[in-house]
Amino acid sequence: MALVNIESAIKQVLQIVKKLDPPQGLEILTYKRNRGITIIKIDEDTLSVQERGYEESTFQVTMADLGKQLKSIAKREFPRSRKVRVYQLDSPYCLGIKRKQI
């Protein structure tokens, strides 16, 4: 997916995650692709969220709490970013794929 405005990206991510099947997920990366957030759908209501960048952490959230968590993580991981990249992952095994760094 192309560069997306960060405010609209969070809304789009919430809509896309609802439509995903459980092993699929999303990856939100900065322009340079050096920091990011990975969301993997474990089951219909539980998601695994991994934060990579300034802080390294992994935690589980429900669909209801995802929007609030994404906003707080985005402020921490993308403090000066106005645009982010959003990629859809077919499975958790796609996480190891190196994306081109700029």
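Values quoted throughout were computed directly from the atomic coordinates according to the rules given, and no laboratory measurement underlies them. Quick caveat: nothing in here was measured; it's all calculated off a predicted structure.
Taking Cα atoms, how many degrees apart are the long axis of helix 6-19 and the longest axis of the chain, rounded to 10 and kept between 0 and 90?
Result, in degrees: 30.
Whole-Hz Karplus ³J(HN,Hα) for the stretch 38-45, in order, using 6.51 cos²θ - 1.76 cosθ + 1.60 and θ = phi - 60°, x for Gly and Pro?
10, 10, 10, 7, 7, 9, 4, 10
Which of the aspartates and glutamates could a cross-linker bridge to Lys83, judged by Cα under 17 Å and excluding same-chain residues fewer than eight apart?
Here the aspartates and glutamates satisfying the reach criterion relative to Lys83 are Glu7, Glu27.
Tell me the mean residue ellipticity at 222 nm calculated for the chain from its helices only (DSSP H runs of n ≥ 4, each -39500 (n - 2.57), averaged over every residue, nearest 500). The partial results should precede the final answer.
Numbers: 2 runs with 26 residues, N = 102.
The helix contribution divided over the chain gives -8000 deg cm²/dmol.
Given 25 °C and 0.890 mPa s, compute D for the stretch 1-100 with the Stokes-Einstein relation, Rh being the Kirkwood radius over Cα pairs; round to the nearest whole µm²/s. Please list the in-between numbers first.
Values: Rh = 13.3 Å.
Here the translational diffusion coefficient equals 184 µm²/s.
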